[in-house]
Amino acid sequence: MSYPEKDSKIPFVDLRDGARGIMVWAPLDGDKISEAAFELIGEANRQKSKLDEDSQKIIAVLIGKEVDKHAQELIHYGADIVYVIEDDRLEEYLTLPFVTSLIDVINEAKPEIALFAASTLGRDLAPRIAAKMNCGLSADCTEFDIGYYANRKRNQRFKKAFKMIRPSFGESKLATIIGPFNYPQMATARPGVFRKLDKDSSRTGEVIKFQPKWQEGDFAVELIETVRSSDSLDLTKADIIVAGGFGLGKEGFDMLNELVAAIRANGQNVELGASRAAVDAGFVEYKHQIGQTGKTVRPAIYIAVAISGAVQHIAGMKESAKIIAINHDPSANIFLSSDFGIVNDYQEVLPELIKQVKAGYKFDLD
Amino acid sequence: MSENYPKLDLNIFVTIKQVPKAMKTGADGLMDRSGKSMMNPHCTHALEEALSLRDRVGGQITVVSMGPPNAQKSLNEALRKGADRAYLLSDRKLAGSDTWATAEALATLIKFILKENNETLDVLYGGLQTVDGDTAQVPAQIASRLKMSQVTYVESVKVLDDKHLEVRRIIEGGYQRLKVPYPTTLSVTETANVPRGPSLTASMSAVDKEVIIYNIDQIGLPEKYAGLAGSPTVVSRVKNVVIDRGPVQLFNEGDTAKLVSDMLTAVNTKEENN
Ligand SMILES: Cc1cc2nc3c(=O)[nH]c(=O)nc-3n(C[C@H](O)[C@H](O)[C@H](O)COP(=O)(O)OP(=O)(O)OC[C@H]3O[C@@H](n4cnc5c(N)ncnc54)[C@H](O)[C@@H]3O)c2cc1C
């Protein structure tokens, strides 16, 4: 391995103080392991060969009520060691006991890298751990690497620094964040970006039952209820999705449903989608929500009506083959992510669209 | 104040950041902060939650910020909307702060104000995230420093009784409702509320209020924890993102019937040279 000549006067340092391996928190989605956990374990496996040999191990952490049964599945997807923390009070995520659990596991297992899904849970949990452990944390990463890094100011060079790459400035730039000064080097990683490994049921690993030391006040915040949408609607199989936003109002959704019915009457496989704001306002049910905290869809045709195009919405539909936007605001972000657009009031456009679909117009799907 | 609510006289703090109106990077690859600035949109929602909580149960609102001297602009805006006190931590040595160092600085400022005035804190509000950083990490990191519970991604806050709030937070596929005792830190999403504008009475009383400005020495923040020196992460590289979707094709010629039919025809037209 050769390093840039211009850096040759900077001494190489290794500040890991015995930290080895990559840790991944494996959250649950209701009663199954979240896909994001498998994705991160997959990515950890792809990165680990760049680490020292004694650091090429993947440590998963599983926390919840009666979660032991999931440990083998984590191993089948690429974990080498699974720490299992079971407590009846932890059926659902609660910030402080999860913080205590992970800090205790980190102090025990001493990983050099710790990864968390950039979900509403991971982005709640990881910052608190980083603050308490005085570690750096990079948010919502979409790419990782491990390799050479020189820091002139600190007069330090690293052979195997963790490079955390994340979109910034409203997704227009990619910034590489580095922090090999304190360990573990921590990141949250965007769900749906990394690939999981193929499941290998013959893989074996170690399962360690672990008991954290609860701190005073860990259970002071009480969960009243967790509400998740029932998944009775499979939006992911629709060829066409007609999605409505907050700008529609309740009446607008009646019109949108009429469009859905008209497309369906032509024999096309279509479903109704919605933004979170429309769901929050009570115009439609949760099961229709598309985006970061709803469903991720990839239909042949996505029609966004009166949706502004917030990043959280775009995250769930940007891989649609063709995107059509209808919005009366020409500066709406949705137009930056669309192929076809009409800048006009939905009350003008929708009746006409319904009319033409009823007259026999069918969307080409290939 | 409605009689349905207990009179609690809460000590409420809100963290506020001033951000550039247009996101662009300078020649050095870092955020260009030379242009126009505004209160970070998420912070306006945090302030609104604070004002609405005070409307219900009474109390005092203190807004705190860290940034260059012109960040007073956003703090003054908060005073005109009804905040009672405003503090700015401003020091060149804070430049280059990552989220760890930002939280350290703001937590030190908050602790300093509480100590000076012999107060305790009941609720700290922050915006979910800032539009120029997008990390959503700082509120949780301040909460950790202040040894308080936290709820992030907050969509609504109800007063449950004289000791608890009921807080609704966003989760994947739905939401959670939590019973949260004081003191706590809440990070607020944009869907939580519609922020009010400046009020006449608040603006009038804001005239006599001044933003109090401190540097790091005054609040006892050691230099080694401030700014770049105190930050466990550094930005090593910034590159442009290539968007793979081509520009949008807009239809605006003719009447609605023509717009729609032109668009529908285009949607079904196979691209050539593909
Ligand atoms: C943690 C987190 C997770 C989130 N997850 C999701 C998610 O999964 N999915 C999601 O969608 N959002 C999500 N959000 C919310 C997201 O940030 C936006 O607030 C939301 O997407 C906005 O919805 P909207 O576009 O319908 O509403 P708005 O932003 O209010 O936009 C309404 C649009 O309608 C247009 N309009 C109004 N009237 C008309 C008219 N008469 N004719 C034509 N156009 C009109 C307006 O120009 C505007 O562009 C999340 C937010 C957070 C913080």
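Structure notes:
- Computed P(r) (all Cα pairs; the range A:235-358; 5 Å bins; percent): 2, 13, 25, 27, 23, 9, 1
- Shielding by partners for peptide A:115-126, expressed as the average number of C-beta atoms from other protein chains within 10 Å of each residue's C-beta, is 4.
- The charge dipole of the range A:235-358, taken about its Cα centre with unit charges on the Cβ atoms of Lys, Arg (+1), Asp and Glu (-1) only, comes to about 420 debye.
- The smallest convex shape that holds all Cα atoms of the protein assembly as shown, its convex hull, gives 185 Å³ per residue.
- Positive-end residue of A:Q156, A:F194, A:F210, charge dipole of the range A:8-219 with Cβ unit charges: A:Q156
- Inter-label distance, nm, simple model (7 Å from Cα along the C-beta direction), B:K7/B:L160: 2.5
- Paramagnetic label zone (point 7 Å from Cα along Cα-to-C-beta, B:K73; backbone N under 20 Å) in the range B:134-158: B:134
- Unit charges at the beta carbon, dipole of the range A:306-363: most positive-side option, A:L336, A:I307, A:I354: A:I354
- The range A:315-366 - Rg (one decimal) and Dmax (whole number), Cα, Å: 12.3, 34
- Contour excess over end-to-end distance, with Cα ends at A:S172 and A:A265 and 0.36 nm allotted per residue: 29.4 nm
- When the alpha carbon gyration tensor of the range A:174-321 is reduced to an equivalent ellipsoid, the three semi-axes, largest first, read 38, 21, 18 Å.
- The range B:104-164 and the range B:189-228 have Cα centres separated by 13 Å.
- Rh (Kirkwood; distinct C-alpha pairs) - the range B:178-241, Å: 17.7
- In nm, spacing of pseudo-spin labels at B:S203 and A:E5 (7 Å Cα→C-beta vector): 6.6
- One chain, two ends: A:K199 and A:D54. Fully extended at 0.36 nm per residue, the span grows by 49.8 nm beyond their Cα-Cα distance.
- Average beta carbon contacts from partner chains per residue of A:91-102, 10 Å cutoff: 2
- If R0 is taken as 25 Å, the Cβ-Cβ distance between B:Q218 and B:A22 corresponds to a FRET efficiency of 0.15.
- Of the peptides A:261-270, B:135-144, the order by per-residue mean of other Cβ atoms within 10 Å, starting with the highest, comes out as B:135-144, A:261-270.
- Selected from A:G136, A:L256, A:I10, residue furthest toward positive end of dipole (chain A; charges at beta carbon): A:I10
- Cross-link pairs A:K110/A:K160; A:K163/B:K147; B:K21/B:K224; A:K110/A:K213; A:K110/B:K93; A:K9/B:K239 - those with Cα-Cα distance over 24 Å: A:K163/B:K147; B:K21/B:K224; A:K110/B:K93; A:K9/B:K239
- Using all pairs of distinct alpha-carbon atoms, the Kirkwood hydrodynamic radius of the range B:10-230 works out to 17.5 angstrom.
- Summarising the strand pairing of the range A:8-219, around 40 percent of its internal DSSP beta bridges are antiparallel.
- For A:K196, the aspartates and glutamates whose Cα comes closer than 16 Å to its Cα, not counting residues fewer than 8 places off in the same chain, are A:E35, A:E39, A:E43, A:E73, A:D80, A:E143.
- Candidate cross-link partners of B:K258 among the lysines, defined by an alpha-carbon separation under 19 Å and a same-chain spacing of 8 or more, comprise A:K355, A:K358, A:K362.
- Under a model in which nothing but the beta-carbon of Lys, Arg (+1) and Asp, Glu (-1) is charged, the range B:10-230 shows a dipole of about 140 debye around its Cα centre.
- Put simply, the convex hull of the Cα atoms in chain A casts, on average, a shadow of 22.0 nm².
- Percent of beta bridges antiparallel (DSSP, chain A, rounded to nearest 5): 25
- Peptide A:215-228 shows a mean partner chain C-beta count of 5 within 10 Å per residue C-beta.
- Antiparallel bridge percentage (DSSP; both residues within the protein assembly as shown; nearest 5): 35
- Ranking of A:R46, A:R190, A:R16 by neighbouring Cβ atoms within 10 Å, starting from the fewest: A:R46, A:R16, A:R190.
- Mean-position separation - Cα centroids, the range A:72-148 and the range A:258-273, in angstrom: 43
- Residue exposure sequence - B:K158, A:K50 - by fewest surrounding Cβ within 10 Å: B:K158, A:K50
- Cα pair distances exceeding 19 angstrom across the range A:228-285, given as percent: 29
- Springs between Cα atoms under 10 Å define the GNM used for chain A, and in it the highest mean-square fluctuation of A:I106, A:I324, A:I33 occurs at A:I324.
- Taking the C-alpha atoms of the range A:8-219, convex hull volume expressed per residue in Å³: 127
Each reported figure results from applying straightforward, stated rules to the coordinates on display, with no laboratory input. What you are looking at is a predicted structure, and each value in this text was computed from that prediction instead of being measured. Here Cβ is always computed from backbone atoms with ideal geometry, including for glycine, and neighbour counts include all displayed protein chains.
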